[in-house]
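Have a look at the structure below before the remarks.
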There are 2 protein chains.
Amino acid sequence: MLERLFEPRRVAVIGASGRPGQVGTEVVRSLLAGGRPISVVHPREKTVLGVGVTENIEDLPGDVDLAVVALSAGTAEEACVRAARRGVPFIVPVAGGFSETGETGRALERSLVNAVRAAGGRVLGPNTVGLWVPGRGGVDTLFVQHERELISHRGCVAFVSQSGSVGVEALGAAAVTGYGLRAFVSLGNKADLDESDFVAHFGDDPGCRGIALYLESFRDGRRFLDVAGAVSRKKPVVILKAGATRAGAGAVASHTGALSGSPLVAEGAFRQARILSVDGDEALLDGAKALALCPAPAGPRAAFLTPAGGYGVLAADAIESSEGELCLARLSEDCRRRLREASFPYAAVNNPVDLTASATSAMMVEALRILVADPGVDLVLCAAFLAPPGMSPDLVPGIAEVARSAKKPVLVLAMFGHETQALCKRFTDVGVAAFPSLARAVCAARLLVRRGKCFSGPADIKYGAPECG
Amino acid sequence: MLERLFEPRRVAVIGASGRPGQVGTEVVRSLLAGGRPISVVHPREKTVLGVGVTENIEDLPGDVDLAVVALSAGTAEEACVRAARRGVPFIVPVAGGFSETGETGRALERSLVNAVRAAGGRVLGPNTVGLWVPGRGGVDTLFVQHERELISHRGCVAFVSQSGSVGVEALGAAAVTGYGLRAFVSLGNKADLDESDFVAHFGDDPGCRGIALYLESFRDGRRFLDVAGAVSRKKPVVILKAGATRAGAGAVASHTGALSGSPLVAEGAFRQARILSVDGDEALLDGAKALALCPAPAGPRAAFLTPAGGYGVLAADAIESSEGELCLARLSEDCRRRLREASFPYAAVNNPVDLTASATSAMMVEALRILVADPGVDLVLCAAFLAPPGMSPDLVPGIAEVARSAKKPVLVLAMFGHETQALCKRFTDVGVAAFPSLARAVCAARLLVRRGKCFSGPADIKYGAPECG
């Protein structure tokens with residue numbers, strides 16, 4: 001149903017003046033970078049950023065599938081309705097000043113949506129920063145700064161955010177360590193199209209392998225659980241439900257005017273529907289990245305491979321403190337013998353596996369291969385540090401080759417001083433889930449295990465012992 | 001007692017061949033960058049990296065205060081003892097192969113230390129990457145890659161790490177967002193000088209405003225608690241005690257051959273001694289940075305200031321989920337009136353304070369000033385995003401001016417896509433504690449409140465209600 005929103009034949013921008021910084025102008029700038037055919041509507045300008053201008057909405061070409069309306073709340077409705085009457089199926093009024101400001105704005109919003117729907121159109125927003133499909137030819141209507149250069153190819157995570165700023169800031173933070181983004185949608189006030197519509201869309205999108213949601217409220221909680229619960233059988237759905245505390249719910253009310261709902265009810269309902277709930281913006285995007293790039297593990301037994309013993313200790317602590325979600329795998333005798341053969345007499349081949357600072361890239365890759373092959377290991381966390389003298393950039397393709405052919409998750413903790421983010425990005429760009437800190441890598445691993453548990457028994461089953469194997 | 005270790009008149013490197021990658025050569029390279037006078041001892045080479053070589057240890061000049069011995073475990077003892085007999089007060093054998101490898105190595109280590117001490121010297125190590133005092137003329141013996149360019153000035157956090165790799169990797173990760181480092185010490189096997197010696201030293205160092213410790217074991221737990229407990233009355237002592245879980249303790253045993261000790265006993269003893277315990281490498285260095293740059297807050301009442309409502313919601317959730325360590329401050333009527341006057345009619349002036357994406361840098365700074373002045377606010381978290389169109393780089397000096405003159409902590413959450421780290425560093429470089437994610441900023445704020453509580457009543461007092469004001 002939303003195909004033409006994400007793959008519009010042509011996009012019209014209504015109300016772009018060409019003045020730098022003006023919202024409509026910035027929409028045109030982003031669209032030009034994306035490369036979709038565009039039209040601009042303005043009553044007086046002749047060209048905007050080199051694009052010839054159409055004076056009347058009624059004169060737009062017939063292949064416009066998406067119209068971005070960059071007019072203030074008071075004047076947007078007329079333009080939206082005229083575009084819908086012209087046959088444009090999707091209308092995006094970007095302005096604020098609607099339901100988030102109170103009763104008057106709410107009435108304005110209701111009137112706009114009703115009129116557009118009566119004319120056969122659908123509305124994304126209002127009060128939205130728009131949508132973005134990365135890569136060549138992708139539609140990009142975001143008028144705020146976003147990391148178009150870092151996220152230059154289409155990936156497989158769909159990110160749907162009620163808040164434009166959380167969406168864009170969180171994406172920016174994620175992009176620096178590499179992020180495969182299928183699409184980003186800012187829901188805004190979701191007066192018409194809402195979270196359920198987009199979850200359903202991405203559920204059916206074969207190019208999408210995971211859905212990340214930032215939500216402050218639900219337009220229709222029952223429908224959301226039905227839709228997301230059904231989608232979560234096919235692909236992971238991760239949610240950051242902001243306003244989960246009493247104070248947060250109060251902040252939601254002043255931010256969007258919406259009711260946040262009861263956190264306890266939500267948490268239980270999420271678990272029933274196999275929707276994975278996280279508690280921070282970083283955890284949301286890290287988790288979705290890991291879920292999109294890794295298979296779900298069969299269990300919680302984690303191996304940790306490192307050239308730095310100290311990080312082995314910290315990883316063991318973090319794994320054992322994971323509320324039972326992870327445990328240190330007990331390696332088989334055969335596995336330990338092979339690890340020893342592949343490294344040094346003084347390497348620690350119990351789990352965590354510490355090859356010491358004398359390890360080479362080749363040893364790390366071989367040890368990873370051995371760990372992945374141990375049937376007692378459900379997932380592997382691998383510390384990729386380039387500082388030890390035996391390490392070389394070969395480590396990246398070496399680990400990637402093992403990780404991509406493994407039937408279990410391989411997560412990488414990549415650290416290399418000021419080149420840490422670039423190193424993470426190199427891994428992510430070749431399809432390996434890499435993170436710049438132990439805490440973030442372990443957090444992502446825990447989410448993978450939760451996903452795996454969704455399909456191994458009742459949704460709320462708990463593993464018993466904190467150590468197992 | 002350790003002054004001459006950190007301010008040596010001259011440093012000798014024993015066993016540097018000049019071959020790139022060889023440990024001794026890399027020590028010389030680091031020392032040359034630091035700028036201290038150095039001497040090199042080698043039986044055959046004539047110059048090493050341009051430094052004239054002395055053939056015999058006995059011919060070293062009389063002002064050598066520190067000798068780095070880059071020889072293998074089997075041959076280090078003789079050189080160490082000869083240097084001590086020559087009158088060098090501090091000897092740093094860098095090689096591994098001592099007590100961390102088992103009984104033979106332990107005997108070797110004991111023999112080395114006993115002989116050096118008998119000759120009047122003290123030993124840092126063995127099995128250490130050395131020490132580093134950043135800035136012009138600072139001593140730098142680290143032979144592994146470290147962020148000398150990013151940490152180019154002397155700051156006020158002393159970082160003492162049992163593990164060289166955790167120390168260097170964690171410092172590298174911290175450096176990218178700015179880090180004021182007084183000194184870094186890798187304890188290695190701490191066969192002679194140990195954690196207590198360095199805590200005592202930095203306790204007396206007026207240039208040090210906070211001490212961060214990564215420890216896997218204690219050489220003398222009783223003495224450590226006495227020393228660190230006394231120092232913690234003057235300045236904050238933060239500890240990451242690795243091996244706190246059963247699995248972690250096992251990893252400590254294979255990493256260093258040491259006993260990790262009981263985590264429960266340690267945790268209780270830390271609290272008694274007002275030593276602040278954290279659970280990750282990032283939390284350790286972030287926490288020490290915040291403690292060194294901010295005054296301790298009088299209580300847990302936090303205000304959050306943001307131009308992005310979504311982050312206000314997330315912050316409210318994070319503050320209310322902080323196990324009572326933080327709570328959302330209730331702003332006074334006067335404060336809210338002034339915030340409204342300084343911003344917009346539609347800004348949210350309850351806490352969290354959301355000035356909306358229309359906020360300007362000047363409004364943010366003025367609102368920060370107003371929040372700091374509210375007697376019901378104990379600390380302020382300020383979201384510094386440069387993406388909104390009204391924001392300009394002026395935000396950094398503006399916030400810094402308010403933060404530095406405030407008698408309460410101001411912590412900054414700085415985000416700006418791929419320029420996030422650079423933005424954090426700009427804040428940190430002017431003395432403002434800035435962090436690149438909400439989770440990290442809140443974690444640092446919680447540690448500040450714990451520090452404040454150390455001096456407001458019995459060490460283990462708990463605040464009652466999660467919301468207060």
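The values are calculated or read from the model by the stated rules, or taken from the named source; none is laboratory data. Given the structure is predicted, the values throughout are model-derived calculations rather than measurements. All Cβ positions, even for glycine, are placed from backbone atoms using ideal geometry, and neighbour counts span all protein chains on display.
Residues A:R136, A:R85: which one is among the basic types (K, R), surrounded by fewer than 18 Cβ atoms within 10 Å (Cβ to Cβ) and at pLDDT 95 or above?
Details: A:R136 fails: at pLDDT 95 or above.
Of A:R136, A:R85, the one residue that is among the basic types (K, R), surrounded by fewer than 18 Cβ atoms within 10 Å (Cβ to Cβ) and at pLDDT 95 or above is A:R85.
How many of the residues making up the range B:204-242 are of a type in the set (A, V, I, L, M) and within 14 Å of the chain's Cα centre (by Cα)?
The first filter runs over the range B:204-242 and keeps only residues of a type in the set (A, V, I, L, M), leaving B:211-213, B:215, B:225, B:227-228, B:230-231, B:237-240, B:242.
Those left that are additionally within 14 Å of the chain's Cα centre (by Cα): B:211-213, B:215, B:237-240.
Of the residues in the range B:204-242, 8 are of a type in the set (A, V, I, L, M) and within 14 Å of the chain's Cα centre (by Cα).
Please verify whether the range A:44-54 includes one or more residues that are touching a helix residue (DSSP H, G or I) at 6+ places or on another chain (Cβ under 7 Å), farther than 30 Å from A:S254 by Cα and of a type in the set (S, T, Y). Lay out the reasoning, then the answer.
Here is the first cut: in the range A:44-54, the residues touching a helix residue (DSSP H, G or I) at 6+ places or on another chain (Cβ under 7 Å) are A:48-49, A:51.
Narrowing further to those that are farther than 30 Å from A:S254 by Cα: A:48-49, A:51.
From what is left, the residues that are of a type in the set (S, T, Y) are none.
No, the range A:44-54 has no match at all.
Run down A:A316, A:A269 and say which single residue is away from chain B (no Cβ under 11 Å) and in a helix (DSSP H, G or I). Explain how you work it out, then say what you get.
Details: A:A316 fails: away from chain B (no Cβ under 11 Å).
None of the others qualify; the one that does is A:A269.
Do the conditions hold for A:T54, that is, is it closer than 12 Å to A:A16 by Cα and outside the structural domain of A:D192 (by TED's automatic domain parsing)? Reasoning before the result, please.
Working: closer than 12 Å to A:A16 by Cα: yes; outside the structural domain of A:D192 (by TED's automatic domain parsing): yes.
Answer is yes for this residue.
Limited to the range A:16-38, what total is found for residues that are out of contact with any helix residue (DSSP H, G or I) (no Cβ under 9 Å at 6 or more places or on another chain), without any contact (Cβ under 8 Å) to a residue 60 or more places away in the chain and on the phi > 0 side of the Ramachandran plot?
1
Which of the residues that make up the range B:183-226 are more than 25 Å from B:V68 (Cα to Cα) and among the aromatic types (F, W, Y)?
Of everything in the range B:183-226, just one residue is more than 25 Å from B:V68 (Cα to Cα) and among the aromatic types (F, W, Y), namely B:F224.
Here is a list: A:G309, A:G287. Which entry is at pLDDT below 95 and buried (at least 24 other Cβ atoms within 10 Å of the Cβ)?
Numbers: A:G287 fails: at pLDDT below 95.
It is A:G309.
What is the one condition in (1) crowded, with 22+ Cβ neighbours inside 10 Å; (2) hydrophobic (A, V, I, L, M, F, W, C); (3) more than 14 Å from chain A (Cβ to nearest Cβ); (4) touching a helix residue (DSSP H, G or I) at 6+ places or on another chain (Cβ under 7 Å) that B:L225 does not satisfy?
(1)
Taking the residues in the range A:144-162 that are modelled with pLDDT of 95 or more and within 14 Å of another protein chain (Cβ to nearest Cβ) as candidates, determine which candidate is farthest from A:L32 (Cα to Cα).
A:Q162
Filter the range A:56-69 down to the residues that are closer than 17 Å to A:G137 by Cβ and not in a loop (DSSP other than H, G, I, E, B), then identify the one that is farthest from the chain's Cα centre (by Cα). Talk me through it step by step, then tell me what you get.
Just the residues of the range A:56-69 that are closer than 17 Å to A:G137 by Cβ, to begin with: A:63-66.
Then keep just the ones that are not in a loop (DSSP other than H, G, I, E, B); that gives A:64-66.
Numbers: A:V64: 28, A:D65: 25, A:L66: 23 Å.
Looking at residues that are closer than 17 Å to A:G137 by Cβ and not in a loop (DSSP other than H, G, I, E, B), I get A:V64.
Tell me, please, whether a residue that is within 11 Å of another protein chain (Cβ to nearest Cβ), without any contact (Cβ under 8 Å) to a residue 24 or more places away in the chain and not small (G, A, S) can be found in the range B:401-418. Let's see the steps before the verdict.
Initially, the range B:401-418 is screened for residues within 11 Å of another protein chain (Cβ to nearest Cβ), giving B:413-418.
With without any contact (Cβ under 8 Å) to a residue 24 or more places away in the chain added as a condition, the list becomes B:418.
Next, from what is left, pick out any that are not small (G, A, S): B:418.
Yes; the residues of the range B:401-418 include at least one that is within 11 Å of another protein chain (Cβ to nearest Cβ), without any contact (Cβ under 8 Å) to a residue 24 or more places away in the chain and not small (G, A, S).
Would you confirm whether any residue within the range B:203-221 is within 27 Å of B:L112 (Cβ to Cβ), more than 14 Å from every other protein chain (Cβ to nearest Cβ) and crowded, with 19+ Cβ neighbours inside 10 Å? Talk me through it step by step, then tell me what you get.
If we filter the range B:203-221 for residues that are within 27 Å of B:L112 (Cβ to Cβ), which is where we start, we get B:213-221.
Now restrict to residues that are more than 14 Å from every other protein chain (Cβ to nearest Cβ): B:218-221.
Restricting the remaining residues to those that are crowded, with 19+ Cβ neighbours inside 10 Å gives B:218-219.
Yes, that holds for at least one residue.
May I ask you to say which residue of A:A441, A:A387 is free of Cβ contacts under 8 Å to residues at least 60 places away in the same chain, surrounded by 17 or more Cβ atoms within 10 Å (Cβ to Cβ) and closer than 28 Å to B:R148 by Cα? If you could, list the steps in order and put the result at the bottom.
Values: A:A441 fails: free of Cβ contacts under 8 Å to residues at least 60 places away in the same chain.
Going through A:A441, A:A387 in turn, just one is free of Cβ contacts under 8 Å to residues at least 60 places away in the same chain, surrounded by 17 or more Cβ atoms within 10 Å (Cβ to Cβ) and closer than 28 Å to B:R148 by Cα: A:A387.
With (1) under 19 Å from B:D197 (Cβ atoms); (2) assigned to a strand (DSSP E or B) as the list, and B:V53 as the residue in question, which single condition is left unmet?
That leaves (1) as the condition not met.
Take A:G324 and tell me if it is more than 10 Å from every other protein chain (Cβ to nearest Cβ) and within 18 Å of A:R446 (Cα to Cα).
Values: more than 10 Å from every other protein chain (Cβ to nearest Cβ): yes; within 18 Å of A:R446 (Cα to Cα): yes.
Answer is yes for this residue.
For the structure I just gave you, tell me whether A:G248 is assigned to a loop (DSSP other than H, G, I, E, B), within 14 Å of chain B (Cβ to nearest Cβ) and buried (at least 24 other Cβ atoms within 10 Å of the Cβ).
Details: assigned to a loop (DSSP other than H, G, I, E, B): no; within 14 Å of chain B (Cβ to nearest Cβ): yes; buried (at least 24 other Cβ atoms within 10 Å of the Cβ): yes.
For A:G248, the condition - assigned to a loop (DSSP other than H, G, I, E, B), within 14 Å of chain B (Cβ to nearest Cβ) and buried (at least 24 other Cβ atoms within 10 Å of the Cβ) - is not met.
Taking A:A383, is it at pLDDT 95 or above, in contact with a helix residue (DSSP H, G or I) (Cβ under 8 Å, 6 or more places away or on another chain) and among the small types (G, A, S)? Lay out the reasoning, then the answer.
On the way: at pLDDT 95 or above: yes; in contact with a helix residue (DSSP H, G or I) (Cβ under 8 Å, 6 or more places away or on another chain): yes; among the small types (G, A, S): yes.
It is true that A:A383 is at pLDDT 95 or above, in contact with a helix residue (DSSP H, G or I) (Cβ under 8 Å, 6 or more places away or on another chain) and among the small types (G, A, S).
Can you pull out every residue in the range A:280-314 that is under 23 Å from A:A174 (Cβ atoms) and charged (D, E, K, R)?
A:D281, A:E282, A:D286, A:K289
Determine whether A:F184 is outside the structural domain of A:T101 (by TED's automatic domain parsing), part of a helix (DSSP H, G or I), of a type in the set (A, V, I, L, M, F, W, C) and at pLDDT 95 or above. Lay out the reasoning, then the answer.
Details: outside the structural domain of A:T101 (by TED's automatic domain parsing): yes; part of a helix (DSSP H, G or I): no; of a type in the set (A, V, I, L, M, F, W, C): yes; at pLDDT 95 or above: yes.
For A:F184, the condition - outside the structural domain of A:T101 (by TED's automatic domain parsing), part of a helix (DSSP H, G or I), of a type in the set (A, V, I, L, M, F, W, C) and at pLDDT 95 or above - is not met.
Kindly indicate the residue of the range A:109-138 that is among the hydrophobic types (A, V, I, L, M, F, W, C) and part of a loop (DSSP other than H, G, I, E, B) and also farthest from the chain's Cα centre (by Cα) among those meeting that condition. Give the steps one after another, and end with the answer.
Filtering the range A:109-138 for residues among the hydrophobic types (A, V, I, L, M, F, W, C) gives A:112-113, A:115-116, A:118-119, A:123-124, A:129, A:131-133.
Now drop any that are not part of a loop (DSSP other than H, G, I, E, B), which leaves A:119, A:124, A:129, A:133.
On the way: A:A119: 33, A:L124: 19, A:V129: 16, A:V133: 12 Å.
Per the stated criteria, the residue is A:A119.
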